[in-house]
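Shown next, in structure tokens, is the structure this report addresses.
The values are calculated or read from the model by the stated rules, or taken from the named source; none is laboratory data. Nothing here was measured: the structure is a model prediction, and the numbers come from that model. No Cβ is skipped: glycine too gets one built from the backbone with ideal geometry, and neighbour counts run over all protein chains shown. Keep in mind that these areas ignore ligands, DNA and RNA; they rest on the heavy atoms of the full protein, side chains included. Shrake-Rupley method; radii C 1.70, N 1.55, O 1.52, S 1.80 Å.
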Amino acid sequence: MVAELPAELIGQVEQAAQLLQSAKRVCILTGAGISAESGIPTFRDKQTGLWEKFRAEDLASPVAFARDPKLVWSWYQWRRQLVHDKAPNPAHQALAQWQAASSSLGQHITLITQNVDDLHEQAGSDAIHLHGHLWKNRCSQCDSIYEDNAKDKPLDFDEQLITCPHCGGYIRPDIVWFGEALPAAAWQMAEEAAANCDVFMSIGTSSLVYPAAGLAQLAKQNGAKIIEVNPNPTPSTVVDITLAAKAGAVMPVLINQLTDKTDK
Ligand code: OAD
């Protein structure tokens, strides 16, 4: 299976597999890049169609929602439409397979994601969501959860604003926007896992958005080795092994190597 990768990557995959094989605690952070091969555009990709002239960073904010709630709600309804029929790709599946095998491998794996899609869960993984969930809504004023699972109504991506039955405030997606705090419990679990791991893997993230991008640094400060999976360079300075390839190509190979070596 290793032979399917470009020659220059094979050595790095083997090194990464060795590192992971001897790790007891592994912390994995995923970003939009892991869902790219499922057909979900990343945040740094230019938007298409009606939304071409907007930047995601300018819509995903409380200021944008306060200024024009209909615009931001419509954008999320469009994103939901884009995402609702997408399925996990081999990278999500490899991680789920690894998590399922972790206790027999004697490993503890914590999977943290910045993604708001549910492709890790669809693949069978448990993931800590740092940036919330695309399929949940809550009130922008009183914070109460709006019990309407948008994914159960895939044909109804209505752009009309909904108001809260308790206070009349506008309903918004339950997503962490730029300038907002991360969910405290999720962040605490992520920090603990990063600070206590032997190997930290960063998969498909630009490492630009903090505090999530700081988890790799926290892991490094506490003695962990860092593996990055990304076909493009990132500003991260703490990486020990870079697997410069698409996650869907490299992750199944890496996980197979790991499992094969452990079986011997
Ligand atoms: P970005 O869109 O910033 O970065 C995606 C990264 O994935 C880039 O570095 C790409 O090179 C890489 N990539 C693309 N295709 C890939 C593939 N097939 N395999 C592996 N990597 C690939 O996404 P994030 O880092 O997740 O926040 O962005 C972080 C946060 O910023 C997001 O959660 C979102 C965003 O604005 C909120 O919505 C709060």
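Per-structure values
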{"item": "Lone unmet requirement of (1) of a type in the set (A, V, I, L, M); (2) over 27 Å from PRO90 (Cβ atoms); (3) open to solvent by 60 Å² or more (accessible area, probe 1.4 Å); (4) near the ligand (Cβ under 9 Å from one of its atoms) for ALA181", "result": "(4)"}
{"item": "Residue among ALA36, ALA64, ALA32, ALA23 that alone is more than 30 Å from LEU105 (Cα to Cα) and small (Gly, Ala, Ser)", "result": "ALA64"}
{"item": "Candidate set from the range 189-218 (those that are assigned to a loop (DSSP other than H, G, I, E, B), hydrophobic (A, V, I, L, M, F, W, C) and under 18 Å from ILE109 (Cα atoms)); member that is modelled with the highest pLDDT", "result": "CYS197"}
{"item": "Matching residues in the range 15-60 - criterion: being at pLDDT below 95, more than 10 Å from the ligand (Cβ to nearest atom) and among the charged types (D, E, K, R)", "result": "LYS46, GLU52, LYS53, ASP58"}
{"item": "Filter pass, LYS136 being in a strand (DSSP E or B), at pLDDT below 95 and open to solvent by 30 Å² or more (accessible area, probe 1.4 Å)", "result": "yes"}
{"item": "Meets criteria (closer than 23 Å to PRO62 by Cα, crowded, with 22+ Cβ neighbours inside 10 Å, in contact (Cβ under 8 Å) with a residue 40 or more places away in the chain and under 18 Å from the mean Cα position of the chain (by Cα)) for ALA212", "result": "yes"}
{"item": "Boolean, LEU243 is at pLDDT below 95 and within 12 Å of the ligand (Cβ to nearest atom)", "result": "no"}
{"item": "Where ALA249 falls short, out of the listed (1) open to solvent by 10 Å² or more (accessible area, probe 1.4 Å); (2) away from the ligand (no atom under 15 Å from the Cβ)", "result": "(2)"}
{"item": "Conditions (1) under 28 Å from TRP75 (Cα atoms); (2) more than 20 Å from the chain's Cα centre (by Cα); (3) surrounded by fewer than 21 Cβ atoms within 10 Å (Cβ to Cβ); number of the one not met by THR237", "result": "(1)"}
{"item": "Filter result for ALA96 (under 15 Å from ILE203 (Cβ atoms), among the aliphatic types (A, V, I, L, M), open to solvent by 20 Å² or more (accessible area, probe 1.4 Å) and touching a His at 6+ places or on another chain (Cβ under 8 Å))", "result": "no"}
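Listed here are the residues, each with its yes/no results for (1) assigned by TED's automatic domain parsing to the domain that holds ALA193; (2) part of a helix (DSSP H, G or I); (3) within 20 Å of the chain's Cα centre (by Cα); (4) within 15 Å of the ligand (Cβ to nearest atom).
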{"residue": "VAL72", "(1), (2), (3), (4)": "no, yes, no, yes"}
{"residue": "TRP75", "(1), (2), (3), (4)": "no, yes, yes, yes"}
{"residue": "ALA94", "(1), (2), (3), (4)": "yes, yes, yes, yes"}
{"residue": "ALA100", "(1), (2), (3), (4)": "yes, yes, yes, no"}
{"residue": "ASP117", "(1), (2), (3), (4)": "yes, no, yes, yes"}
{"residue": "ASP126", "(1), (2), (3), (4)": "yes, no, yes, no"}
{"residue": "LEU161", "(1), (2), (3), (4)": "no, no, no, no"}
{"residue": "PRO165", "(1), (2), (3), (4)": "no, no, no, no"}
